[in-house]
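Participant: Sharing a structure below in structure tokens format, with a few things to ask.
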2 protein chains.
Amino acid sequence: MNIAVLGTGMVGRAVAGRLAELGHTVTVGTRDPRSTLARTEPDAMSTPAYASWAGQHPGIGLATYADAAQGAELVVNATNGAVTLDVLRLAGEQHLDGKVLVDIANPLDFSNGAPPTLFVKDTDSLGEQVQRTFPGARVVKTLNTLNADLMVRPDTLPEGSSVFVSGDDADAKSVVTGLLKELGHTDVIDLGDITTARGTEMLLPVWLRLWGALGTSSFNVKIVR
Amino acid sequence: MNIAVLGTGMVGRAVAGRLAELGHTVTVGTRDPRSTLARTEPDAMSTPAYASWAGQHPGIGLATYADAAQGAELVVNATNGAVTLDVLRLAGEQHLDGKVLVDIANPLDFSNGAPPTLFVKDTDSLGEQVQRTFPGARVVKTLNTLNADLMVRPDTLPEGSSVFVSGDDADAKSVVTGLLKELGHTDVIDLGDITTARGTEMLLPVWLRLWGALGTSSFNVKIVR
């Protein structure tokens, strides 16, 4: 599949790299490709400069958000939740219309210190905001409940665990479920329409505290039933 | 141990019944024991009248919130989150001082229809409200992330799953962890201080949607790591 991954951070790279490895044609979208490639220092999250990663992934293109989205059949939003709507506007509503839009972002608010809180929750969600802002896109919320490595290599955990899909479009959820299975996810739970993204986004507070308590983010939820 | 279980609903009965079965001395607390026993009709949640349950559990006493709490070494709050603070005030601050107070309640707000939202979240929690209102109590938040049957019989699931404890008092968490193990919980994760109750209370939205998606509330989270 021809896939655009919007976002050059840890999550974007993990998803882009693994999808390319699985045989998909992947273009990473960024605000300004030239300045993304010109950076040589690690970012605020200590993620190494994009150019060094790109050198190890010669098959993965880099383009503006708009160019990446325009050429893609499926678009992955791997941006910071705080800039998600802005980035998708830059990608262009016309380039999202009719496409499956996989939303991995979380509405984390770092303004009150650590751990972050959520800037939207309970009666609304980032997934719904994305769907409302881009009504022609077929938004599927998923993978926002585990770390970047486990998103794409869940089989590195000692046993199978669960991921969730939320969205209004059954076909889009089916496409995304297929991709999740390619990544190695064996238990994909369809929670229902996009409003169910409230549930998975509100998992973040316990996820963040588990990270603290366990001393690692290499864990995932399994729904035992 | 001498235990008071505040609340005569499904959760209170499940916890009281099982703790008595395990050999503890249990008194259930209610607003007005006479009127609780006089009721013959099922309640709004279709739970059968208390008297019929009490008839099957002759070893379990029924008393006012205050009398139950006064005689107990450990108090379990198994009330509806919306009335939790009122019930604990009726139990009496002086009867909670220095005691382990196990808070199982969730801050569910049913005023906006189904599924319920949360009346406190993200920057505060019901667990913290309880601890702030009763600073002498040693509050431990736990068991609010699974249904009443599984709280007390987690081994009815096909494999082990996880529960959490949050609280400021390490000794109190240790006592509660011991009780949880008696109930059959094999993976008790200490999330940290009482503010971490924000995390487990915010699990409710995804729990409620999983109930809908799976068609059963007989499931629990296992933290695979």
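Any read-out appearing in this document is the output of simple, stated calculations on the displayed coordinates, not a laboratory observation. Keep in mind that this is a model prediction, so the values were computed, not measured. Cβ: placed from backbone, ideal geometry, glycine included. Neighbour counts: every protein chain shown.
Participant: Please compute, for peptide B:159-166, the average count of beta-carbon atoms on other protein chains lying within 10 Å of each residue's beta-carbon.
Facilitator: Other-chain Cβ atoms within 10 Å of each residue's Cβ, averaged: 3.
Participant: Could you give the distance between the Cα centres of the stretch B:52-120 and the stretch A:1-61, to the whole Å?
Facilitator: Spelled out, the Cα-based centre of one part sits 52 Å from the other.
Participant: Lys pairs in chain B, Cα-Cα under 17 Å, at least 8 apart or on separate chains: how many?
Facilitator: Details: B:Lys99/B:Lys141; B:Lys99/B:Lys173; B:Lys121/B:Lys141; B:Lys141/B:Lys173; B:Lys141/B:Lys181; B:Lys173/B:Lys181; B:Lys181/B:Lys222.
Within chain B, the lysine pair count is 7.
Participant: Shifting gears a bit: Need one number: nm distance between label points at A:Ser174 and B:Thr25, each 7 Å from Cα along Cα→Cβ, rounded to one decimal.
Facilitator: Here the answer is 6.4 nm between the modelled labels.
Participant: Can you tell which of B:Val76, B:Gly61, B:Ile3 lies farthest toward the positive end of the dipole of chain B, using +1 and -1 charges on the Cβ of basic and acidic side chains (Lys, Arg; Asp, Glu)?
Facilitator: With unit charges placed on the Cβ atoms, the residue in question is B:Gly61.
Participant: For a quick size check, give me the Cα extents of the protein assembly as shown along its three principal axes, largest first, whole Å.
Facilitator: 75, 41, 35
Participant: Residues with amide H under 5 Å of A:Val140's amide H, sequence separation 5 or more or different chain, H placed in the peptide plane at 1.01 Å from N; which?
Facilitator: Under 5 Å from the amide H of A:Val140: A:Leu101, A:Val102, A:Asp103.
Participant: Going by average Cβ neighbours within 10 Å, how do the peptides B:129-140, B:147-158, B:44-55 rank, with the highest at the top?
Facilitator: Working: B:129-140: 21.0, B:147-158: 17.8, B:44-55: 13.4.
Most protected by this proxy first, the peptides run B:129-140, B:147-158, B:44-55.
Participant: Now for a separate question. When B:Thr25, B:Thr186, A:Thr200, B:Thr84 are ordered from fewest to most other Cβ atoms inside 10 Å of their Cβ, what list results? Write down the numbers at each step before the final one.
Facilitator: Working: B:Thr25 16, B:Thr186 13, A:Thr200 27, B:Thr84 24.
Going from least to most buried by this count: B:Thr186, B:Thr25, B:Thr84, A:Thr200.
Participant: If we count other beta carbons within 10 Å of each Cβ, what is the order of B:Phe164, B:Phe219, A:Phe110, A:Phe119, fewest first? Mind showing how you got there, number by number?
Facilitator: Numbers: B:Phe164 27, B:Phe219 21, A:Phe110 12, A:Phe119 16.
Neighbour counts put them in this order, fewest first: A:Phe110, A:Phe119, B:Phe219, B:Phe164.
Participant: Per-residue mean of other chain beta-carbon atoms within 10 angstrom of the beta-carbon, peptide B:215-222?
Facilitator: Numbers: counts 1, 1, 1, 2, 5, 4, 7, 8.
Mean shielding count: 4.
Participant: What order do you get for A:His24, B:His95 when you list them from fewest to most C-beta neighbours inside 10 Å?
Facilitator: The fewest-first ordering by Cβ neighbours comes to A:His24, B:His95.
Participant: Ordered shortest first, which distances in nm separate the 7 Å Cα→C-beta label point of B:Thr123 from those of the other copies?
Facilitator: List, nearest first: 1.5 nm.
Participant: Further, regarding this structure: Convex hull volume of the Cα atoms in the stretch B:2-214, per residue, in Å³?
Facilitator: That works out to 118 Å³ per residue.
Participant: Round to a whole angstrom and tell me the spacing of the C-alpha centers of the stretch B:197-225 and the stretch A:129-168.
Facilitator: Comparing the Cα centres of the stretch B:197-225 and the stretch A:129-168, I get a distance of 16 Å.
Participant: Next question. Need one value for A:208-214: mean number of C-beta atoms belonging to other chains within 10 Å of its residues' C-beta atoms.
Facilitator: That average works out to 6.
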